[in-house]
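Peer 1: Have a look at the structure that comes next, please.
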Amino acid sequence: MIEEKDIINVDEPELTAGERLYLPQIAGGMRTTLRHMFKKKITVQYPEQKRELRTENYRGVHRLNRDEQGRVACVACFMCQTACPAHCIHIVGAESPWEDREKYPVQFDIDELRCIYCGMCEEACPVDAIELTPEYDLVGRTREEMIFDKEKLLMVFDRTKETKPRKNPKITGYSGTGCADEHTVTERGEAH
Amino acid sequence: MDWLIEQLKDQLVFSVVLSLVVFAAIMTAVAYCIYFERKISAWMQDRVGPNRVGPLGLLQPMADGAKFLLKEDIIPAFVDKPLFVLAPAFALIMGLAGFAILPWGGMVDLDGDGVVDVMCQVADPGVGLLYLLAVGGMAVYGVVVGGWANNNKFAFLAAMRATAQMLSYEIPMALVILLVVMTTGQLGLDDIARSQMGEGNLWHVCHHPVAFFIMLVTLFAETNRTPFDMAEAEQELIGGYHTEYSALKFGLFFLGEYAHMIIGSGFVIVLFLGGWHLPWVSFLQPEATSVWAMLAKMSVFATKIAAFLFLFMWVRWTLPRFRFDQLMRLSWKGLLPVCLMLFAYVTVLLYLGRQTDLMWTLGGNGVLILLVLIVAGTMGVPVSGRQGNLSTLPWEGAVRAR
């Protein structure tokens, strides 16, 4: 309950004679703008100059990581597709030709126009296969072009792996229990 | 060449050629005004401004022009069609009509035989000032007709504001012009310009600094420029009178505004700053009549106009817009009384025959400024008029009570 005594009335400060005349204030303002005319400009000429990103974990274009042998690290578990709030990930899984995992993605599409770059896919991925890169200058001429398929996403990895190495390159397969540390992976891989 | 000069010695032919040249120059200048408006606004905001089209962005006006030409010209179904089409043309034509009587370069002796052949002025009617006032007054019709034809309440509101503003500021402006007319006894623009030159004559700004300042303020209001751009106050009125306009029609309004600025600046320069004259420069005196002197005079005049345009832009990117009641108060309670006092004072000087006596005119101006300072300094109501100084509304009594 607000009491009368709690209310503080704030009045505008009384104007001085100079402020009341308005003209000295105009002169002051004009001086300020004139001074700024000759100041150093802060514009970044974008395509030629690029500002350094202020954060390491900027969430830009996705990439699909490769493991040490250059294969796609994804195990087609559909966790990212399930977690995605924008429903922009579409995966078609198939039986893996490799020993260390059950499945791999035949098709892996991300609609970059639909994506809201929340990073939930990255959070959800049990094998750290999908990651968001700091790349932000994402352009295309058509909507189809902006649906990134597996090859394109792997290409993003190839061009960003130098600047942003894969977080946990040891993890290559998925145990199926949701626990994806190195130990279980190898164990399971051998078991199959 | 000789034949050409022989033809040009006829004032009519010279006027036609001059008007074509001036028209081309003004249209280019207007296009580049928009470029510089953007550049200067950018510089004042620590930005770079347009720099992509051509070197330094200098081809930007061409790109803008092409854009205006090629965009879809929409005429909404609900507008008053004939007036809708007419209004932009009106704005531009009235902006350009004033150029007919600006004195660009005084008398010219084209063939160098010592006899003055033509005036470097498209037309020099004896009532030049009245013509300018009339054209300037007509310029508001572009805004009013546009606002009306839009058939849109915001545009109409803008038109109403523009009308009221024009009416209020036309009066101090006319009074100030009258001061100049009274001191010189001339109405023709070239005569007024020449009355400020030669032995013992000074630019009128020396005699009437206060009048010059008032003229400047009313000029901002007449050309609808910030801080008096009530007619296109985006935050309140969408686009104001050009809300429904697109493509070339919108472009014409734009051109009209800048043309109006140029003509207004030229007007002030002729009245107060000696037109094409600079003191102590021999070829900028009325006696110098060669073709080269004419060109020099024209460029001096153009430079003065450019300086004024910079002032317009400088003010635009510095000052916020006035509230409408402040605008009205400034005119009726501020400028008008000062103008009337000045007017009365100059009348007395005229009676005493002292109207060109620097001591008397400046003394009067000084006393007037002092008076204004005392009144404004002691008066409770500030000139700018804050919201807090408005009388309290009945239901606000509890909050505002101290």
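Since every read-out is calculated from the coordinates, none of them should be taken as a lab result. These numbers were taken from a predicted model, which means no experiment stands behind them. Positions of Cβ are generated from backbone atoms using ideal geometry, with glycine treated the same way; all protein chains shown enter the neighbour counts.
Peer 1: Using only the Cα atoms of the protein assembly as shown, build the gyration tensor, take square roots of its eigenvalues as a ≥ b ≥ c, and label the shape rounded, prolate or oblate: rounded if a/c is under 1.5, else prolate if a/b is larger than b/c, else oblate.
Peer 2: It comes out prolate by the Cα gyration axes.
Peer 1: In debye, nearest 20, what is the charge dipole magnitude of the protein assembly as shown about its Cα centre with +1 on Lys and Arg Cβ and -1 on Asp and Glu Cβ, if you could check?
Peer 2: So the magnitude is around 1020 debye.
Peer 1: Oh, and also: Mind listing the long-range amide H neighbours of A:Ser96? Cut-off is under 5 Å, sequence gap 5 or more, other chains count too, H placed in the peptide plane at 1.01 Å from N.
Peer 2: A:Lys103, A:Tyr104
Peer 1: Ok, one more. Per 0.36 nm of contour for each residue apart, how much would the distance between B:Glu72 and B:Thr28 grow if the chain were fully extended, relative to their Cα-Cα spacing?
Peer 2: Full extension from B:Glu72 to B:Thr28 adds 13.5 nm.
Peer 1: Next question. Along the Cα→Cβ direction, 7 angstrom out, place labels at B:Val375 and A:Met1. What is the inter-label distance in nm?
Peer 2: 5.5
Peer 1: Modelled label-to-label distance, B:Arg323 and A:Ala27, 7 Å Cα→beta-carbon offset: nm?
Peer 2: Going from the B:Arg323 label point to the A:Ala27 one covers 2.7 nm.
Peer 1: Rounded if a/c is under 1.5, else prolate if a/b is larger than b/c, else oblate: which is chain B, with a ≥ b ≥ c the root eigenvalues of its Cα gyration tensor?
Peer 2: Since a/c reaches 1.5 but b/c is at least a/b, the shape of chain B is classed as oblate.
Peer 1: Given H placed 1.01 Å from N in the peptide plane, which residues other than close sequence neighbours of A:His62 have an amide H under 5 Å from its amide H?
Peer 2: When sequence neighbours closer than 5 places are left aside, the close amide H contacts are A:Thr133.
Peer 1: Where the centroid of each part is defined by its Cα atoms, how far is the stretch A:71-91 from the stretch B:327-376 in Å?
Peer 2: When both Cα centres are located, 81 Å separates them.
Peer 1: Evaluate E = 1/(1 + (r/R0)^6) for B:Glu234 and B:Leu167, where r is the Cβ-Cβ distance and R0 equals 22 Å; express this FRET efficiency to the nearest 0.05.
Peer 2: The value I calculate is 0.40.
Peer 1: Could you grab the relative contact order for the stretch A:32-134? Cα pairs under 8 Å, six or more apart, rounded to a whole percent.
Peer 2: RCO, the stretch A:32-134: 33 percent.
Peer 1: Under a GNM of chain A (C-alpha, springs under 10 Å), which listed residue has the highest mean-square fluctuation: A:Thr133, A:Thr142, A:Thr160?
Peer 2: Residue with maximal mean-square fluctuation among A:Thr133, A:Thr142, A:Thr160: A:Thr142.
Peer 1: If you don't mind, there's one more thing I want to ask. Between B:Val281 and A:Lys50, how high is the FRET efficiency from 1/(1 + (r/R0)^6) when r is the Cβ-Cβ distance and R₀ = 56 Å? Nearest 0.05.
Peer 2: The formula returns an efficiency of 0.60 here.
Peer 1: Specify the residue with the greatest mean-square fluctuation among A:Tyr22, A:Tyr104, A:Tyr117, computed from a Gaussian network of chain A linking alpha-carbon atoms under 10 Å apart.
Peer 2: Of A:Tyr22, A:Tyr104, A:Tyr117, the most mobile in the Gaussian network model is A:Tyr22.
Peer 1: Also, quick follow-up: From the phi angles alone, apply the Karplus equation (6.51, -1.76, 1.60; θ = phi - 60°) to the stretch A:82-93 and give each ³J(HN,Hα) in whole Hz, x where the residue is Gly or Pro.
Peer 2: 6, 6, 4, x, 9, 6, 10, 9, 10, 10, 10, x
Peer 1: If you don't mind, another one. Starting from the Cα-Cα distance between B:Val181 and B:Lys333, subtract it from 0.36 nm times their residue separation and give me the gain in nm to one decimal.
Peer 2: 52.3 nm
Peer 1: At 0.36 nm per residue, and after removing the present C-alpha to C-alpha distance, how many nm does the segment from B:Ala302 to B:Leu352 gain when stretched out fully?
Peer 2: 14.3 nm
Peer 1: Further question: From the phi angles alone, apply the Karplus equation (6.51, -1.76, 1.60; θ = phi - 60°) to the stretch B:134-144 and give each ³J(HN,Hα) in whole Hz, x where the residue is Gly or Pro.
Peer 2: Per residue, the Karplus-derived 3J(HN,Hα) values read 5, 5, x, x, 5, 4, 5, 5, x, 5, 5 Hz.
Peer 1: Each residue of the stretch B:205-222 in turn: what ³J(HN,Hα) in whole Hz from Karplus with 6.51, -1.76, 1.60 and θ = phi - 60°, glycine and Pro shown as x?
Peer 2: With the stated coefficients, the stretch B:205-222 comes to 5, 5, 7, 10, x, 5, 4, 4, 5, 5, 4, 4, 4, 5, 5, 4, 5, 5 Hz.
Peer 1: For the stretch B:298-375, what does the alpha-carbon gyration tensor say about shape, rounded, prolate or oblate, given a ≥ b ≥ c as the root eigenvalues, a/c under 1.5 as rounded, and a/b over b/c as prolate?
Peer 2: oblate
Peer 1: Go from 0 up to the bin containing the longest alpha carbon distance in the stretch A:62-182, width 10 Å each, and give me the % of pairs per bin.
Peer 2: 14, 49, 32, 5, 0
Peer 1: Excluding same-chain pairs closer than 8 in sequence, count the lysine pairs in chain A whose Cα atoms lie under 30 Å apart.
Peer 2: So the count of such lysine pairs works out to 23.
Peer 1: Name the residue, out of A:His90, A:His62, A:His36, whose mean-square fluctuation peaks in a Gaussian network model built on chain A with Cα pairs under 10 Å.
Peer 2: A:His36
Peer 1: Here is a follow-up. Can you give the FRET efficiency to the nearest 0.05 for A:Val10 and A:His90, using r as the Cβ-Cβ distance and R₀ = 51 Å?
Peer 2: Efficiency, rounded to the nearest 0.05: 0.35.
Peer 1: Still on this model: How far is it, in nm, from the label point at B:Val17 to the one at B:Met62 when both lie 7 Å from their Cα along the line to the Cβ?
Peer 2: So the label points at B:Val17 and B:Met62 sit 2.8 nm apart.
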